[in-house]
Amino acid sequence: MKTILLAVLFLSIVLTPWPVRAQEQEEITRLLSQYVAIDTSNPPGDTTKAAAFLTGILEKEGIPVTRYESAPGKVIIYARLPATVSPPAGKAILLLHHMDVVPADRTQWKTDPFVPAIQDGDLWGRGSMDMKGQGVAQLVAFLMLKRQHVPRTRDVILMAEPDEEVGGALGARWMIANHYAELDPEYVLDEGGFGSTDLFAPNTMVYGISVAEKKIVWLKLRAEGVAGHGSQPTDTNPNDRLVKALARLLSATPAPAAPPARSGEPSVLEMMQAKVGAFAKNKFTNAIQQSTISLTWFRSGVGDPPKINVIPSVAEAGLDCRVLPGTTKDQWLAEVARRLGDPRIRIELINESDDPVVTSHDAPLYRQIEAAIKRRHPEAVVTPILIPYGTDSNAFRPRGVKAYGVFPALLPADVVASMHGDGEHVSLASVREAAQVFFEALRDTLVR
Ligand SMILES: [Zn+2]
């Protein structure tokens, strides 16, 4: 009898959608407005006020907060809801978001980027999408676990960090290097994927949960030559040498696809294709199907402004390369050198991210995120995806952590395009949807 009662109780707690009450709807709008109003532009990336804001909310609910400062103004906070059973069934689930945002060029914005404006259900402001909206969705889900006394078979940690927008050395990577034992999660929920009706495949609702990302390889090319008078061209002009080599590099056909991560296992791309069929044609799907090169800057000339009649002795260019998992830095450097076709051009490595590790999607938390999405959208295709940009998840995965990147809500194309742009905005309905999905996925993972 007791077993039956427990089973009934269990079923009534889990597997049910959590309708957002008016109170939480209002709370999400209020918290996101207040959070976006705190200017955390990076540089300088000071998160002191944002961390104090989040700390105040958590402490008011009786949740203790631990604070670190990795450098002056680079404040990290984390809060922990302990398991309600002993011993716990597993290691913690870490909800991770970055507090810093990219700078905003006020002259290009129609609204003040740090005075949130709400219009037709959208909230406009720097960081509303990347990633304070997701931060608020995670925070509200975290608070609901506490408020609703959800039984927990493992700890849940909420962590907010600085420095992500400039590489993360003083944020997640600093915590991993200095305080890993305090986190030691089994799972990380981070930014990365999202839901869309057209971005991944034409006219198909797809929710992408990122399980891997491309490797960042930033390169500086340097051509040296002999300075001289512009009136008498020579074949030792470094500009000519660099431009010709870049033309060869950029006109080459895409690099051959990387080999599968492990023999016999499909790559993330193959898993995606199996789930969604033919990809939509756009810059996102293009970027995840091949290693890419963006020529982002040139530097040349003598003087400022550069003299038009002087041939300089040095010309440089910057390449932002994003490399598919399975290709190493050395393989990629060799490929770039081969395509440049000029051994006199020096290739300098500016920065590289860790070699990407692919997280398996065969795990309870992934399945519960998928279930919570499908409860709302039975027609949705939920798929593991590879993302073209870098996130903090890449620093956790080499430690065996299952890191999933997703803002689990439908995002219109204009919202996706507004990230880092002039006029960043997010639909408040999608932040509510994300909060619901996070809450349900956590609740239903924590009972096991
Ligand atoms: Zn971000």
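The values are calculated or read from the model by the stated rules, or taken from the named source; none is laboratory data. These figures come from a predicted structure and were not determined experimentally. All Cβ positions, even for glycine, are placed from backbone atoms using ideal geometry, and neighbour counts span all protein chains on display. Accessible surface areas use protein heavy atoms only, side chains included; no ligands, DNA or RNA. Shrake-Rupley method; radii C 1.70, N 1.55, O 1.52, S 1.80 Å.
Laid out as a table, the results:
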quantity: The range 152-223 - accessible surface per residue (Å², probe 1.4 Å); calculated: 25
quantity: Length added when fully stretched, residue 224-residue 68, from 0.36 nm per residue minus Cα-Cα; calculated: 51.6 nm
quantity: Spin-label pair residue 389/residue 110, simplified geometry with 7 Å Cα→Cβ offset, distance in nm; calculated: 2.2
quantity: Two-site FRET efficiency, residue 232 against residue 314, from Cβ-Cβ distance with R₀ of 25 Å, rounded to 0.05; calculated: 0.85
quantity: Inter-label distance for residue 243 and residue 26, nm, one decimal - labels placed 7 Å from Cα along Cα-to-Cβ; calculated: 6.4
quantity: D_trans [Stokes-Einstein, Kirkwood Rh over alpha-carbon pairs] for the range 384-448, 37 °C, 0.692 mPa s, µm² s⁻¹; calculated: 233
quantity: Surface share of carbon and sulfur [accessible, 1.4 angstrom probe, percent] for the range 192-238; calculated: 54
quantity: Candidate lysines for bridging to residue 74, where Cα separation is under 25 Å - those fewer than 8 sequence places away on the same chain excluded; calculated: 49, 60, 132
quantity: FRET efficiency, 1/(1 + (r/R0)^6) with R0 35 Å, evaluated for residue 330 and residue 179 via beta carbons; calculated: 0.60
quantity: Solvent exposure, largest accessible area first (probe 1.4 Å, DNA, RNA and ligands not counted), of 406, 447; calculated: 447, 406
quantity: Stretch gain in nm, segment residue 296-residue 251, where the contour uses 0.36 nm per residue and the Cα spacing is subtracted; calculated: 14.6 nm
quantity: 29 Å Cα-Cα reach of residue 307 towards lysines, excluding residues that sit fewer than 8 places from it in its own chain; calculated: 220, 244
quantity: 0 to 90° range, to nearest 10: angle between helix 134-147 axis and the chain longest Cα axis; calculated: 20
quantity: ³J(HN,Hα), Karplus 6.51/-1.76/1.60, whole Hz, each residue of the range 236-251, x for Gly, Pro; calculated: 10, 6, x, 5, 4, 4, 5, 5, 5, 5, 5, 4, 5, 4, 7, 8
quantity: The chain, relative contact order [Cα under 8 Å, separation at least 6], %; calculated: 25
quantity: Along each principal axis, Cα extent of the chain, largest first, Å; calculated: 95, 50, 43
quantity: Probe 1.4 Å, all protein chains present, accessible-area order of 347, 209, largest first; calculated: 347, 209
quantity: At 0.890 mPa s and 25 °C, Stokes diffusion of the range 292-350 via Kirkwood alpha-carbon radius, µm² per second; calculated: 182
quantity: Extension gain, residue 265 back to residue 149 (0.36 nm per residue minus Cα-Cα distance, nm); calculated: 37.7 nm
quantity: Considering only the chain, percent of DSSP beta bridges that pair antiparallel, nearest 5; calculated: 65
quantity: Net charge over other residues, Cβ less than 12 angstrom from the Cβ of residue 226 (K, R count +1; D, E count -1); calculated: -2
quantity: Unit charges at the beta carbon, dipole of the range 161-209: most positive-side option, 192, 175, 204; calculated: 204
